[in-house]
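Remarks on the structure that follows.
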Amino acid sequence: MIHQDSKTILEVSGLRAAVEGVEILEGVDLIVKSGEVHAIMGTNGSGKSTFAKVLAGHSAYQVTGGSVLFEGQNLFDLEPEERARAGVFLAFQYPIEIPGVSNSHFLRLAYNTLQSQRGKDELDPLEFEDFVREKMKLLEMNPNFLDRGVNEGFSGGEKKRNEILQMALLEPRLAILDETDSGLDIDALRIVTNGVNKLANKDNAIILVTHYQRMLNYIEPDYVHVMRGGRIVKTGGKELALDLETRGYDWVGVERRVPASA
Amino acid sequence: MSAVLQNLVNQPYKHGFVTEIESDVAPKGLNEDIIRLISTKKNEPAWLLDFRLKAYQQWLKMEEPKWPNVKYPQIDFQAISYYAAPKPKKKLNSMDEVDPELLRTFEKLGVPMHERAALAGVAVDVIFDSVSVATTYKQKLAEVGIIFCSISEAVHAHPELVKQYLGTVVPVGDNYYAALNSAVFTDGTFCFIPKGVKCPMDLSTYFRINTEESGQFERTLIVAEEGSSVSYLEGCTAPRFDTNQLHAAVVELIALDNADIKYSTVQNWYAGDEKGVGGIYNFVTKRGLAKGANSRISWTQVETGSAITWKYPSCILQGENSVGEFYSVAVTNNYQQADTGTKMIHIGKNTRSTIVSKGISAGHSNNSYRGLVRIAPTASGARNYSQCDSMLIGDQCGAHTFPYIQVRNQNAKVEHEASTSKIGEDQLFYFAQRGIGNEEAVSMIINGFCKDVFQQLPMEFAVEATKLLGFKLEGSVG
Ligand SMILES: Nc1ncnc2c1ncn2[C@@H]1O[C@H](COP(=O)(O)OP(=O)(O)OP(=O)(O)O)[C@@H](O)[C@H]1O
Ligand SMILES: [Mg+2]
């Protein structure tokens, strides 16, 4: 929701990034303010996940130009774990499996790390168990996922739910949800998006990467951006998603791009 | 692997210091005179000198094994001193009388052993440079008839027992290093659990190598009579040295009918520096004879140290329904080399064995699992399950598996599973994205990987092992 006394959370200017010497991001501009929901759409391979991972600090990507300020601070001064602790959260498009590490142990460590960062009390295993079970109810997740390895053998949709569970635990300032909707069945989509909506408030912001207008019926975006060739080439309101649904991407980006949130 | 996977191992060795205690060191070199000197110094009976000389004669005819998957310069056995003993100032009756220097050493190791012994209810037989200087809880054990003392002491106090069992599981000519050990062993531990006695506490020995260039040849003999049981813990650390030190121990276990021996090791000898200079050569022969029906021998080891580890704790399953177990975590980093595994020799009917081996390699290290499962024609109904998993950290290291399976009985069942995995950058990124740094992430992944083995360890040992793995791998990732 766009509101008056919002603060700028993320300010991306001319961001360029490469992987193995190939430039993928070719000058991304984006401003995200508190309370806002931004959707990023675009063809396969246009650079959406790359953008998300560069923000989170994946070491495979080299930043080759531009700048990113997160709450006024140079994001690139921070290590990936520091970015997370500062409130940057990425729900992965393909959450990785970590066999042998129990989900509950992992979630608790992540939670407690953030709590101590925020100067709040950490929870012991029993307290955490109660706490996480509450959060799981929100996502209608079976508690036995706590006893399994992190994402180990989870179905595609289960992995996505586990990502949003983590978002619910960590209460990030900026949540980037990379195709969280893909792989979810219709009921799950309703449950998960409902969960995300409950977490959205006037102090945080969400960037949704999606291919489907359907997702945006559940989580209403303030802005819709189209990424193409490693840049945001078009920005509009939620009606832009409907346009894309009917017309596809071919027509977008033919005209000169306008700076996002200008 | 990127910079992310480069730093987690290179933590300097925390136990690297030399305790200054006067040593009584034999001249370098090995010959019959040296063996006689050791025997005389230790005031041994003639049969033991005989045992040593027989071993020496066999050793002369043997060759250093070349089949392990390890590389090291030729060892000059004449450049080693085969005997070193701290000069005892007086006879010790309690811990208070132990050399304060020695106590400080344990303090530095984080093993305040007097507390440890009292708090954990562990009897600690301290081996310090080949000679025992203190034994605790002996009386408590004596009350139930358990003998737990240095092997030299046992030779004098219980010669008939030592004579009856010594060399029966690992014969003097078993292999090159066992023969060497049999010829020159200076001390070690003897443990005897009489019929029907369940040992009331874990028995523990902390080993230290202290005198530079003195080979360490420990000898351990554990006998569990009918219906008895014991859990024995062996932990090692060593001070930092630049020259390689040979460590060739022999451990023999004997379990009679319905007896149960659990032997746990955390091994952290000095591994050499990050360039591969120095470190202990750990060439060990460990073997258990499950002699009686329904007996059980269980080895659990966490191997983190030594420049080279060559070690195959084995079980000979002779008694009907006897059980052999081997749970192992072997970690190698920098230029460490490990060739370790087990042998399960099934002889009796319905014998069962389980092998769980977890190898972790980082840096430029090489980690090999070598295991033999042999089912003799007599072993109807024998079963074995083996699981060998390897984990790689970085891409300069190697993991190898050499399973040998020989089945000579139609009714036996042998299963083998193996896997290799890698701590991937994407896994570490996932942790980082949730605020968890690389070192903690690696430690969590490793502990998850080793869970099946760690849960076999006695509680306080498991905690120690977890910490040890943490700082062994610190810096190899990150
Ligand atoms: N590690 C990598 N190595 C080589 N190429 C890469 C790597 N990561 C991304 N790319 C390439 O960068 C381009 C952008 O990929 P990215 O994953 O950001 O696309 P996307 O917009 O998220 O696509 P999708 O909608 O399919 O998820 C693709 O052409 C991809 O192949
Ligand atoms: Mg993508």
With the structure loaded, tell me whether B:G398 is more than 14 Å from chain A (Cβ to nearest Cβ) and without any contact (Cβ under 8 Å) to a residue 60 or more places away in the chain or whether it fails that test. yes
Inside segment A:1-27, can you point out the residues that are among the charged types (D, E, K, R), assigned to a strand (DSSP E or B) and either within 14 Å of another protein chain (Cβ to nearest Cβ) or within 10 Å of ligand 1 (Cβ to nearest atom) (or both)? A:E23
Look at B:T342 and say whether it is in contact (Cβ under 8 Å) with a residue 24 or more places away in the chain, among the polar types (S, T, N, Q), closer than 30 Å to B:E225 by Cα and buried (at least 24 other Cβ atoms within 10 Å of the Cβ). yes
Do we find that A:L174 is within 16 Å of A:L138 (Cα to Cα), among the hydrophobic types (A, V, I, L, M, F, W, C) and open to solvent by less than 10 Å² (accessible area, probe 1.4 Å) in this structure? no
Here the residues within segment A:28-63 that are within 14 Å of chain B (Cβ to nearest Cβ), assigned to a strand (DSSP E or B) and within 25 Å of A:A241 (Cβ to Cβ) are none
Any chance segment B:291-299 includes a residue that's free of Cβ contacts under 8 Å to residues at least 40 places away in the same chain and of a type in the set (A, V, I, L, M, F, W, C)? no
Could you identify the single residue in A:V252, A:V224 that is away from every other protein chain (no Cβ under 14 Å), more than 16 Å from ligand 2 (Cβ to nearest atom), touching a residue at least 40 places away in the same chain (Cβ under 8 Å) and not hydroxyl-bearing (S, T, Y)? A:V224
A:G66: touching a strand residue (DSSP E or B) at 6+ places or on another chain (Cβ under 8 Å), more than 14 Å from chain B (Cβ to nearest Cβ), away from ligand 2 (no atom under 16 Å from the Cβ) and not acidic (D, E), yes or no? yes
For segment A:74-98, which residues satisfy the criterion of being at the interface with chain B (Cβ under 7 Å from one of its Cβ atoms), open to solvent by 40 Å² or more (accessible area, probe 1.4 Å) and in contact with a Phe, Trp or Tyr (Cβ under 8 Å, 6 or more places away or on another chain)? A:I96
When only residues in segment B:448-478 that are in contact with a Gly (Cβ under 8 Å, 6 or more places away or on another chain) and at pLDDT 85 or above count, which is surrounded by the fewest Cβ atoms within 10 Å (Cβ to Cβ)? B:K451
Restricting to segment B:359-390, give me the number of residues that are over 12 Å from B:V414 (Cα atoms), surrounded by fewer than 24 Cβ atoms within 10 Å (Cβ to Cβ) and of a type outside the set (S, T, N, Q). 7
Within segment A:208-231, of all residues that are in contact with an Asp or Glu (Cβ under 6 Å, 6 or more places away or on another chain) and either more than 15 Å from ligand 1 (Cβ to nearest atom) or polar (S, T, N, Q) (or both), the one least open to solvent (accessible area, probe 1.4 Å) is A:T210
Yes or no: segment A:155-165 includes at least one residue that is open to solvent by 50 Å² or more (accessible area, probe 1.4 Å) and in contact with an Asp or Glu (Cβ under 7 Å, 6 or more places away or on another chain). no
Hey, can you tell me all the residues within segment A:37-94 that are among the hydrophobic types (A, V, I, L, M, F, W, C), without any contact (Cβ under 8 Å) to a residue 40 or more places away in the chain and within 16 Å of ligand 1 (Cβ to nearest atom)? A:V54
Tally up the residues in segment B:431-447 that are at the interface with another protein chain (Cβ under 7 Å from one of its Cβ atoms) and open to solvent by less than 10 Å² (accessible area, probe 1.4 Å), please. 6
Could you please let me know if A:V132 is closer than 21 Å to A:V192 by Cβ, among the β-branched types (V, I, T) and in contact with a helix residue (DSSP H, G or I) (Cβ under 9 Å, 6 or more places away or on another chain)? yes
Taking the residues in segment A:45-62 that are more than 11 Å from A:I24 (Cβ to Cβ) and away from ligand 2 (no atom under 16 Å from the Cβ) as candidates, determine which candidate is surrounded by the fewest Cβ atoms within 10 Å (Cβ to Cβ). A:S59
Selection from segment A:89-130 of residues touching a Leu at 6+ places or on another chain (Cβ under 7 Å), away from ligand 2 (no atom under 16 Å from the Cβ) and of a type in the set (A, V, I, L, M, F, W, C) yields A:F89, A:L107, A:A110, A:L114
Whichever residue in segment A:69-88 is in a loop (DSSP other than H, G, I, E, B) and within 19 Å of A:A205 (Cβ to Cβ) and, among such residues, is farthest from ligand 2 (Cβ to nearest atom): A:G72
Suppose the filter is more than 20 Å from B:G341 (Cα to Cα) and among the charged types (D, E, K, R); does B:K451 pass it? no
All conditions in (1) out of contact with any Ser or Thr (no Cβ under 7 Å at 6 or more places or on another chain); (2) buried (at least 22 other Cβ atoms within 10 Å of the Cβ) are true of A:E152 except (2)
Of all residues in segment B:256-289, which are outside any loop (DSSP other than H, G, I, E, B) and among the polar types (S, T, N, Q)? B:S264, B:T265, B:Q267, B:N268, B:N282, B:T285
Within segment A:1-20, considering residues that are of a type in the set (G, A, S) and over 26 Å from A:K202 (Cβ atoms), the one most open to solvent (accessible area, probe 1.4 Å): A:G14
Among the residues of segment A:163-207, how many are at pLDDT below 95, on the phi < 0 side of the Ramachandran plot and within 16 Å of ligand 1 (Cβ to nearest atom)? 4
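The values are calculated or read from the model by the stated rules, or taken from the named source; none is laboratory data. Keep in mind that what you see is a predicted model, and the values were worked out from it rather than measured. Because the Cβ atoms are built from the backbone with ideal geometry, glycine has one as well, and the counts that use them run over all protein chains shown. Ligands, DNA and RNA are excluded from the accessible area calculation, which covers all protein heavy atoms including side chains. Shrake-Rupley method; radii C 1.70, N 1.55, O 1.52, S 1.80 Å.
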